[in-house]
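Here's the structure, in structure tokens; my notes come after.
The values are calculated or read from the model by the stated rules, or taken from the named source; none is laboratory data. All values derive from a computational prediction rather than experimental measurement. Neighbour counts are summed over all protein chains in view; Cβ atoms, including those assigned to glycine, are modelled from backbone coordinates with ideal geometry. SASA here: full protein model, heavy atoms, side chains in, ligands and nucleic acids out. Shrake-Rupley method; radii C 1.70, N 1.55, O 1.52, S 1.80 Å.
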Amino acid sequence: MSGSPYLQFRQITKTFPGVRALDEISLDIHRGEIHALLGENGAGKSTLMNILYGLYEADSGQVFLEGRKLQDNTPRKAIDRGVGMIHQHFMLIPVFTVLENLILGRRADRPPFIEFEKRREEVRQVARRFNIQLDLDAPVEKLSVGMQQKVEILKALYKGARLLILDEPTSVLTPQECQDFFHMVLELREAGTTIIFITHKLHEALQISDRITVLRDGRLIDTVQTSNTNPRELSRLMVGRSVRFEIEKTEARPGEEVLTLQKVSLLEDGGKRLLGDISLRIHEGEILGLAGVDGNGQSELAAVIGGMIRPTSGVIRLFGQDVTVKHTRDLIEMGLALIPSDRHKHGLVADFSVAENFILETYYQPPFTRGFSLDKKEIKRYAERLIDEFDVRTPNSKIPVMNLSGGNQQKVILGRELSRDPRFLLVVQPTWGLDVGAIEFVHRQLLNARDNGVAILLISTELEELRSLSDRLAVIHDGRIMGQVDPAATTVETIGLMMAGTEQTTIEEQGGTAITP
């Protein structure tokens, strides 16, 4: 990592309508290093990399790669210059084989003939150089998510990538797959590849990188040597203040049964199984966590429980009543509160004010309505109370909620749902994309609700979050519950095997140690 920087950003600014996504970013990346870009969702990490990859054009500023200024940049030009980008959502054709995906778009030497054996040998040489082992004849749809990610990386390397951009690469991996992936990334570095690792997870940045750059609200806060920093310093850089990492949690005192699922299944119109015989029980005053790799039925299960989709079969009971075919509003009036995974699509109306978003579910009820009219004074008074109680950083309650940061938008949703004194709280990815300060606040609110007797189903892909907050932990794989464990007494490795579908485990109903049949 000596000599002039391999990659240089100079005064990069990018503005979208109403948002300054990047504010005069200047950053150097050295050849052969793993450089982590750390920051919450919306901090500008992906925007900066999309400019490098030619997907966006900067409003001002310059980018230099190996000393040459990048002009009129496009993804094709970026690839030709040795830049490869691995997106969160893979760009593979499932029914094609690994080899077919790798050579897709490659110009044939003698068209229209495709010289498969020549391409196969080229791919093998690249794979051997970087120690990547793949069955080139396997259909991609038959591969695990971790193996599909290897295909994406090998595809970029086969195209000549010397600089790899990895955008939130672990979001779809089990703990075991994460460690395998980190091992591969380190081997890529040893082979001379420069790697930019985009993440919002402190522990990943600390584990894998040589240097870390922290972005906040489109600004570059600092660049530090990984060996000279720690989680507390990084969290202070991300948030602007010190953050407590320890979660103080009292022992749960489960009460009456609140939610019961009995053999709930869901099929697509074509007959594909999305959920298979899901059975769960949740009690007052406890948090049941649901772990799993994203895309294994979590969103479908939340939609079924929340009344947005009717199950194909099975029974759902809430407070002892059969609610299998009840609609969401019926469930809300019974005591359901919902914190959805996508706050923009399902949790908020972006153009509405903060005050209007606070009453989305109760606008038709007293004291917010009088006859056929809304009581604006009462709504304003209510909104101001929640803004203060939930520490929503906004100039006033009339501001459109789209103008708030992600953390403050999540506080609006939390305030709206918890202020109704719910009896059952369905929480999906509550801290996705939030900085560590906002995460600390959300965790505290969830534990306060649990201690006040609320039953909580917490669905998250953040395993450490689930292990810290949950009293019991269920694991879902391919739409089926693999079992339940005590999160405090079960290793990450065991949970990871369950997430991968290779081990089934259960737990005694009243607590105790994990039992493997």
So, first residue under 13 Å from L446 (Cβ atoms) in segment 407-428, second residue in a helix (DSSP H, G or I) and small (G, A, S), Cβ within less than 7 Å, six or more apart or across chains; the pairs are Q410/A438; I413/G347; L418/A449; L425/A449; L426/A302; V428/A302
Just to be sure I understand, how many residues within segment 346-379 are hydroxyl-bearing (S, T, Y), assigned to a loop (DSSP other than H, G, I, E, B) and surrounded by 14 or more Cβ atoms within 10 Å (Cβ to Cβ)? 1
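Okay, residues lined up against (1) in contact with a Leu (Cβ under 7 Å, 6 or more places away or on another chain); (2) acidic (D, E); (3) farther than 15 Å from G496 by Cβ:
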| site | (1), (2), (3) |
| --- | --- |
| L166 | no, no, yes |
| P169 | no, no, yes |
| P175 | yes, no, no |
| T194 | yes, no, yes |
| E204 | no, yes, yes |
| I212 | yes, no, yes |
| R216 | no, no, yes |
Quickly run through segment 434-461 and pick out the residues that are surrounded by 18 or more Cβ atoms within 10 Å (Cβ to Cβ) and in a loop (DSSP other than H, G, I, E, B). L434, D435, V454, S460, T461
Pairs returned, first residue in segment 465-485 that is in contact (Cβ under 8 Å) with a residue 12 or more places away in the chain and farther than 23 Å from D277 by Cα, second residue that is open to solvent by 30 Å² or more (accessible area, probe 1.4 Å) and outside any strand (DSSP E or B), beta-carbon separation under 6 angstrom, 6 or more apart or interchain, are S468/I247
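Table: residues versus (1) in a strand (DSSP E or B); (2) open to solvent by 20 Å² or more (accessible area, probe 1.4 Å); (3) at negative phi; (4) without any contact (Cβ under 8 Å) to a residue 24 or more places away in the chain.
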residue: A161; (1), (2), (3), (4): no, no, yes, no
residue: L166; (1), (2), (3), (4): yes, no, yes, no
residue: S171; (1), (2), (3), (4): no, yes, yes, no
residue: E177; (1), (2), (3), (4): no, yes, yes, no
residue: D180; (1), (2), (3), (4): no, yes, yes, no
residue: H183; (1), (2), (3), (4): no, yes, yes, yes
residue: E187; (1), (2), (3), (4): no, yes, yes, no
residue: I195; (1), (2), (3), (4): yes, no, yes, no
Can you find, within segment 225-256, the residue that is modelled with the lowest pLDDT among those that are closer than 30 Å to I332 by Cα and open to solvent by 80 Å² or more (accessible area, probe 1.4 Å)? E248
Picking from D217, D222, the residue that is at pLDDT 95 or above, within 25 Å of the chain's Cα centre (by Cα), under 25 Å from G437 (Cα atoms) and open to solvent by 50 Å² or more (accessible area, probe 1.4 Å) would be D222
Being in contact with an Asp or Glu (Cβ under 8 Å, 6 or more places away or on another chain), at pLDDT below 90 and not in a helix (DSSP H, G or I) is the filter here; which residues of segment 382-417 pass it? S405
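Each row is one residue, and each column tells you yes or no for (1) open to solvent by 10 Å² or more (accessible area, probe 1.4 Å); (2) part of a strand (DSSP E or B); (3) not polar (S, T, N, Q).
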site	(1), (2), (3)
S4	yes, no, no
L22	no, yes, yes
G32	yes, no, yes
H35	no, yes, yes
L48	no, no, yes
K77	yes, no, yes
Could you check segment 238-342 for strands (runs of 3 or more DSSP E) lying wholly inside it with 2 or more residues that are among the small types (G, A, S)? 273-283, 287-291, 313-318
Does segment 85-99 contain at least one residue that is outside any helix (DSSP H, G or I), open to solvent by less than 10 Å² (accessible area, probe 1.4 Å), touching a residue at least 40 places away in the same chain (Cβ under 8 Å) and not basic (K, R)? yes
For residues in segment 110-134 being of a type in the set (V, I, T) and within 22 Å of G192 (Cβ to Cβ), which is nearest to the chain's Cα centre (by Cα)? I132
Checking I305 against (1) of a type in the set (A, V, I, L, M); (2) in contact with a Pro (Cβ under 9 Å, 6 or more places away or on another chain); (3) open to solvent by less than 20 Å² (accessible area, probe 1.4 Å), which single condition isn't satisfied? (2)
Whether any residue in segment 65-75 is among the polar types (S, T, N, Q), surrounded by 14 or more Cβ atoms within 10 Å (Cβ to Cβ) and under 29 Å from D137 (Cβ atoms) is what I want to check. no
Is it the case, given these coordinates, that F113 is closer than 30 Å to D28 by Cβ and of a type in the set (F, W, Y)? no
Condition check for Q207: at pLDDT below 85, open to solvent by 30 Å² or more (accessible area, probe 1.4 Å) and touching a helix residue (DSSP H, G or I) at 6+ places or on another chain (Cβ under 7 Å): no
Long-range neighbours under 8 Å by Cβ, at least six apart or interchain, first residue without any contact (Cβ under 8 Å) to a residue 12 or more places away in the chain within segment 360-378, second part of a loop (DSSP other than H, G, I, E, B) and of a type in the set (F, W, Y): T369/Y363; L374/Y363; L374/F368; D375/F368; E378/F368
Which residues, taken from segment 464-506, are in contact with a Pro (Cβ under 6 Å, 6 or more places away or on another chain) and of a type in the set (K, R)? R467
In segment 104-130, how many are farther than 14 Å from V151 by Cα, outside any helix (DSSP H, G or I) and among the aromatic types (F, W, Y)? 1
